[in-house]
1. From the list Val126, Val71, which residue is among the hydrophobic types (A, V, I, L, M, F, W, C), more than 45 Å from the chain's Cα centre (by Cα) and modelled with pLDDT of 90 or more?
2. Taking the conditions exactly as written (of a type in the set (Gly, Ala, Ser), modelled with pLDDT of 85 or more and surrounded by 10 or more Cβ atoms within 10 Å (Cβ to Cβ)), does Ala143 satisfy them or not?
3. Could you tell me whether any residue of the range 7-24 is out of contact with any helix residue (DSSP H, G or I) (no Cβ under 6 Å at 6 or more places or on another chain) and either exposed (fewer than 10 other Cβ atoms within 10 Å of the Cβ) or not in a helix (DSSP H, G or I) (or both)?
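The values are calculated or read from the model by the stated rules, or taken from the named source; none is laboratory data. Computed from a predicted structure; not experimentally measured. Cβ atoms come from the backbone with ideal geometry, glycine included; neighbour counts cover every protein chain shown.
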Amino acid sequence: MDWQIVLYIAAGIAAIAFLILCIALAVVLFSVKKNLDHVAKTLDGVEGQIQGITRESTDLLHKTNRLAEDVQGKSAKLNSVVDAVQGIGNSMGNLNESVDRVTNSITHNISQNEDKISQVVQWSNVAMEVADKWQMRQKRNSAFNTKYSATAETDPDNLPVAVNRAVTESDNVDEDRINAGLEQDRK
């Protein structure tokens, strides 16, 4: 009987150990169930958030596509402005080239006709000198003709400048006639 008692005791200890094992396993399983329930609730919330993010991402993608289309449209419109500005730049370049050609042509013609131009300048200087002398002669003649007037006798300073100025040797005027008229007034 000894062996039977030991066997019963061993079976009882095994049964108690199995019971403790089952209780421990049940406690662990209940704990795992709570965690799994909590994870399920969290996954439900995450699933809702993922759906919201998906909707927002889809909306953002649509807005990005519309923005890209708008940018492409405006870029196409801007291309016409850029083409116009480029055309203006080309026109300005052509204008500069034309001005350069005209300037070069004028410079070339001036250098070819330099002698003729200097002759024209000389002749114009001579013509201006002749015109000045002619005007001076007219003033002296009018001064001579008006020397017997009352104004000339009462106000000798009122005579024209040409009469009051000394006559130069290069003048081609009738100096004797003017000098003779002035000498009579002084006496």
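1. On the way: Val71 fails: more than 45 Å from the chain's Cα centre (by Cα).
Testing whether each residue is among the hydrophobic types (A, V, I, L, M, F, W, C), more than 45 Å from the chain's Cα centre (by Cα) and modelled with pLDDT of 90 or more leaves just Val126.
2. Values: of a type in the set (Gly, Ala, Ser): yes; modelled with pLDDT of 85 or more: no; surrounded by 10 or more Cβ atoms within 10 Å (Cβ to Cβ): yes.
No; evaluated as a whole, the condition is false for this residue.
3. At the first step, the residues of the range 7-24 found to be out of contact with any helix residue (DSSP H, G or I) (no Cβ under 6 Å at 6 or more places or on another chain) are 7-24.
Next, from what is left, pick out any that are either exposed (fewer than 10 other Cβ atoms within 10 Å of the Cβ) or not in a helix (DSSP H, G or I) (or both): none.
Checked against the condition, which is being out of contact with any helix residue (DSSP H, G or I) (no Cβ under 6 Å at 6 or more places or on another chain) and either exposed (fewer than 10 other Cβ atoms within 10 Å of the Cβ) or not in a helix (DSSP H, G or I) (or both), the range 7-24 yields no hits at all.
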